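Here's the structure we're looking at; comments come further down.
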Amino acid sequence: MRHYSTASIPYYERGDRMMKNSFQLFARRVRSDWFYQYKALRTAVDWVIAFYFVIPLMIVAGYQYYSWWAAQPSWFSWIPLFLVGTVFYLFAWLGTIRYFVEEGDQLFLRQNRRWFQHLMLLGYRYSLVLQGITTLLLTLVFLPLLVQTYAFGVPQIVCFWLLTYLLKINLGLLRQLLALRIQGILLWLLRVVGFAGLFFLYQMLVTGVSHSANYIWAILLLLLGLVVFLSKIRLQEKGAFSADIARERDARMRIVSLMLIRVMERKRKPRRRRPLLFRSSQRLFKGKGAGNGIADLLAKSFFRNSTQWKQTIQFAVLISAAMFILPGPLKITIWILAACVLAFWRKSFCKDELTAPFLNLFPIQDTAKHQALQLTTPILVLPALIFISLCLGISFFTWWGPILMVGAAIPLAYGTSSVFTSWY
């Protein structure tokens, strides 16, 4: 009896023998993805962490959620609907639509056009269901606030969920289509303009939902028709195979990339021969000793780091914009929390810089590093905190508000930094 090797059989013909249809191939890839995410979580959350932290946290969260239904907390009245709409809009902007295509499909599976198109269609439907479930879960989390504070009824809750869900699907399709047709700075500008414009439009629609406006249902029908239209264009799009592979790879690695974000080596950008700030290497802190020298190093490293500046500007602008929206008592709370976040953020940055390989060449004691940390952290906190404090003072619409809040920013920066740097 002659035996034939399956290696000589084309991939899609072997697939016909191993699997009856493309749905089995899709189901296998979905199971593989879920199992991969499970294994990634297992590396970070073992049974000890689950038993002593995750499970008690879930119990406390469940009890707290039940208590919100039993009695409305007083701080619910401090949360404006605009802030809730912002959270849902950011959720709608994030995420993607997957098609479960792989690199090996280019060699074999794409030859079977029927299988390949059906695989993409199944992946698209899977993404629709998954996005609908995650949107529903987020709505359930905010349900006590929506019902008790804003008096949402069942039609309004359903309308709010549908509005966020349909917007999320449309945004996912539009981003993919734009990325296939436009590249570079123009794509970035379109995304920025689209993000800002759709944000205010979404807030208007959320306000319409809260007032049970009749035009909202017409908007939902329009969004549904747009989903159907964009879906047909996207599924028939040619030349998107490489982009779909890259997107699928990123989606598969979403949990692993979060865990490895601090240890993965990234390609360093070429640096200037002379930095824009502190070109003459002048001393920033007076005094002698290793602590002052290291403090100079940490401060200059931060102010010359473009990534830190970009993230700081984004954080400061977001918090400052919230100051003009939030009620008075909540403004002060967010202001203090922002100072705590900045102090912890700057401390983490400095500790990372202190682990640089070239510093290990010198016999520097931990006491000197701790002294440098305490000396540098408030200086790094002040720029962003002063800007936030200035916007907070302006939001009070008084002449003394900006002066008072900027003056209060200095002791707050030093106070929070002192607390977070009290240990090394």
For region 197-202, Karplus-derived ³J(HN,Hα) couplings (6.51, -1.76, 1.60; θ = phi - 60°; whole Hz; x for glycine and proline) come out as x, 5, 4, 5, 5, 5
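So which trypsin sites (Lys or Arg not before Pro) in region 149-240 pass both tests, a DSSP loop state and at most 14 other Cβ atoms within 10 Å of the Cβ?
Loop-located and lightly packed - Lys238.
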Ordering Leu180, Leu41, Leu223 from largest to smallest accessible area (1.4 angstrom probe), what's the sequence? Leu41, Leu180, Leu223
Counting only protein chains, not ligands or nucleic acids, how are Arg247, Arg31 ordered by accessible area (probe 1.4 Å), most first? Arg31, Arg247
For a quick check: with amide H placed at 1.01 Å from N, whose amide H comes under 5 Å from Asn305's, ignoring anything fewer than 5 positions away on the same chain? none
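Within region 79-153, report the trypsin sites (Lys or Arg not before Pro) that DSSP leaves as loop and that have at most 16 other Cβ atoms within 10 Å.
Taking region 79-153 and a limit of 16 other Cβ atoms within 10 Å, no loop trypsin sites (Lys or Arg not before Pro) are found.
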From the phi of every residue in region 390-404, what ³J(HN,Hα) in whole Hz does the Karplus formula 6.51 cos²θ - 1.76 cosθ + 1.60 yield, where θ is phi - 60° and glycine or proline is x? 4, 5, 5, x, 5, 5, 7, 6, 10, 6, 8, x, x, 5, 5
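Output the direction-averaged projected area (hull surface divided by four) of the convex hull of the alpha-carbon atoms of region 97-137, in nm².
Numbers: hull surface 11.1 nm².
Mean shadow area of the hull around the Cα atoms is 2.8 nm².
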Enumerate the calculated ³J(HN,Hα) couplings along region 32-38 in order (Karplus 6.51 cos²θ - 1.76 cosθ + 1.60, θ = phi - 60°), each rounded to whole Hz, writing x wherever the residue is Gly or Pro. 4, 5, 5, 5, 5, 5, 5
Need one value: the accessible area of Glu102 in square angstrom, 1.4 angstrom probe, rounded to the nearest 10. 90 Å²
Quick query: amide H of Phe152 versus all other amide H atoms, modeled in the peptide plane; which residues come in under 5 Å with a sequence gap of 5 or more or a different chain? Val147
Taking amide H positions as placed 1.01 Å from N in the peptide plane, with prolines and chain starts having none, which residues 5 or more places from Arg98, or on another chain, fall under 5 Å of its amide H? Ser127
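To the nearest 0.05, what FRET efficiency results for Ser77 and Trp309 with a Förster distance of 41 Å applied to their C-beta separation?
Between Ser77 and Trp309 the formula returns 0.65.
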Please report the spacing between the Cα centers of region 370-384 and region 173-216 in Å, no decimals. 39 Å
So how far, in whole Å, is the C-alpha centre of region 299-342 from the one of region 57-112? 24 Å
How large is log10 I(q)/I(0) at q = 0.10, 0.11, 0.17, 0.18 Å⁻¹ when the Debye formula is applied to the Cα atoms of region 72-229, each weighted equally and without solvent? -0.45, -0.53, -1.05, -1.14
Which order do you get for Ile334, Ile97 if you rank them by accessible area with a 1.4 Å probe, largest at the top? Ile334, Ile97
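The values are calculated or read from the model by the stated rules, or taken from the named source; none is laboratory data. Keep in mind that this is a model prediction, so the values were computed, not measured. Neighbour counts are summed over all protein chains in view; Cβ atoms, including those assigned to glycine, are modelled from backbone coordinates with ideal geometry. The accessibility values were calculated without ligands, DNA or RNA, using every heavy atom of the protein model including side chains. Shrake-Rupley method; radii C 1.70, N 1.55, O 1.52, S 1.80 Å.
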